[in-house]
Amino acid sequence: MSSREHILGRLRATRAADDAGSADFPVRRFDWDAPERLRRFRDALEAVRGQVREVGDDWPLVLFELLGDRGVSRLMYGPGGPHGAVLETGWQGLGGIGLMPYSEPVEALREALFTDIDAGFTSARGAIAETGTLVLWPDVQEPRLLSLVPPIHVALVDERSIHSTFAELVDAQNWTRGMPTNALLITGPSKTADIEQTLTYGVHGPKELIVLVRRTAD
């Protein structure tokens, strides 16, 4: 058997074990209901200077008010993303904050993105209550730069997609059936520390993270 055949055989055996539901590591599980998951997500995220705001279907107006309070003048978003059309409709007739679509190649938007945009808006595929982490799957409609470059990142996540642990999220969303080329796990705003352990925010990404949790009716 060649080295190539040996490697492929091991990969196929691993895939078969995964399909059978086996795992070679312990998986933490918690018996948390939806309110408990939301509370723990909020506590964990706010512990690292993230912000959580519970919203309903009026979330575009809440977003407008939050950004207005921060002096934002331009918000970039993905018009083809899951919430792009709702955002556009909700902001019709409102003045003071401009909506800039991410609808061209990055070469055409680079200057505006890095110099003129105050905030970026994205959807979130889910969240992890245990660690206060957002899960994003960037794509051509909502590229990863929307969440990495602007000083403020705002993400909208559905309350029903908050899971207790990362393992539970992966299982519930069936990641084994297909994943993107890039998945982002975000816990709080960008932060770094120097050799003297002085913590600084916003050096390598947004200095402020705002998560809008859209509540669902009982």
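What follows draws every value from the coordinates through simple rules; no lab data is involved. Since the model is a prediction, treat every value here as computed from it, not as a measurement. Counting neighbours? That spans all protein chains shown, and the Cβs are built from the backbone with ideal geometry, glycine included.
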Practice task
Could you grab the pairs with beta carbons closer than 7 Å, sequence gap of 6+ or different chains, first residue in the range 72-88 and assigned to a helix (DSSP H, G or I), second one among the aromatic types (F, W, Y)?
Solution key: G84/Y77; L87/Y77; L87/F121
Practice task
May I ask you to list pairs of residues, at least six apart or on different chains, whose Cβ atoms are under 8 Å apart, with the first in the range 102-120 being in a loop (DSSP other than H, G, I, E, B) and the second being of a type in the set (F, W, Y)?
Solution key: Y102/Y77
Completion exercise
For R70, the lone unmet condition from (1) surrounded by fewer than 18 Cβ atoms within 10 Å (Cβ to Cβ); (2) in contact with a helix residue (DSSP H, G or I) (Cβ under 7 Å, 6 or more places away or on another chain); (3) not β-branched (V, I, T) is (2)
Practice task
Name every residue in the range 76-99 that is within 24 Å of F41 (Cβ to Cβ), in contact with a helix residue (DSSP H, G or I) (Cβ under 7 Å, 6 or more places away or on another chain) and crowded, with 18+ Cβ neighbours inside 10 Å, in order of residue number.
Solution key: Y77, G78, L87
Fill in the blank from the handout: Across the range 143-164, the tally of residues that are part of a loop (DSSP other than H, G, I, E, B) and touching a Leu at 6+ places or on another chain (Cβ under 8 Å) stands at 3
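Residue by residue, here is whether (1) of a type in the set (F, W, Y); (2) in contact with a His (Cβ under 7 Å, 6 or more places away or on another chain); (3) within 20 Å of I210 (Cα to Cα) holds:
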{"residue": "G98", "(1), (2), (3)": "no, no, yes"}
{"residue": "Y102", "(1), (2), (3)": "yes, no, yes"}
{"residue": "E111", "(1), (2), (3)": "no, no, no"}
{"residue": "F114", "(1), (2), (3)": "yes, no, yes"}
{"residue": "G132", "(1), (2), (3)": "no, no, yes"}
{"residue": "E142", "(1), (2), (3)": "no, no, yes"}
{"residue": "L148", "(1), (2), (3)": "no, no, yes"}
{"residue": "L156", "(1), (2), (3)": "no, yes, yes"}
Practice task
Keeping to the range 25-56, report how many residues are aliphatic (A, V, I, L, M), under 16 Å from the mean Cα position of the chain (by Cα) and not in a helix (DSSP H, G or I).
Solution key: 2
